[in-house]
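The values are calculated or read from the model by the stated rules, or taken from the named source; none is laboratory data. Note that the structure is a prediction, hence the values are computed from the model and not measured. Because the Cβ atoms are built from the backbone with ideal geometry, glycine has one as well, and the counts that use them run over all protein chains shown. Note: accessible area is taken over every heavy atom of the protein model, side chains too, but ligands, DNA and RNA are not part of it. Shrake-Rupley method; radii C 1.70, N 1.55, O 1.52, S 1.80 Å.
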Amino acid sequence: GFELVGEATSGQEALTRASELRPELVLVDVRMPDMDGVETARRLLADATHPVVVLISLEPLPREATVLELGVAAFVRKQELSVGKLAAVWAEHRPRAAAEPGG
């Protein structure tokens, strides 16, 4: 049920691609060159049309509660990442217009 619309290899590239492509859901790796995933997520969420943002990482997130307070939908370890997990996050956090019939 998900369609890949773009990829980025750095935080700055992720911001540029998100601005161009306007995805509804963005997976952001915590560790990226030039700008970490937490700062990238913060900037994505600051945009008026911000997407649902899921932070991912191989390592546990030391300050997970603080990061979730930014407004990210979830933090998922890569080992636990699955379509089912993303579908659950999406069902809980998708924009209201998309959740309503005809929207």
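Counting protein heavy atoms only, the chain has 50 percent of its accessible area on carbon and sulfur, 1.4 angstrom probe. Looking at the range 1-93, the accessible area is 61 square angstrom per residue; that uses a 1.4 Å probe and ignores ligands, DNA and RNA. The base-10 log of I(q)/I(0) for the range 24-67, evaluated at q = 0.15, 0.16, 0.19, 0.26 Å⁻¹, reads -0.35, -0.40, -0.56, -0.98 [Debye formula, identical scatterers on Cα atoms, solvent excluded]. With Cα atoms as the point set, the radius of gyration and Dmax of the chain evaluate to 13.1, 41 Å. What you get for the chain, charging only the Cβ of Lys and Arg (+1) and of Asp and Glu (-1), is a dipole of about 160 debye around the Cα centre.
Think of the chain as having a plus end and a minus end, set by charges on the Cβ of Lys, Arg, Asp and Glu; of L58, M35, G6, L58 sits farthest toward the positive end of this dipole.
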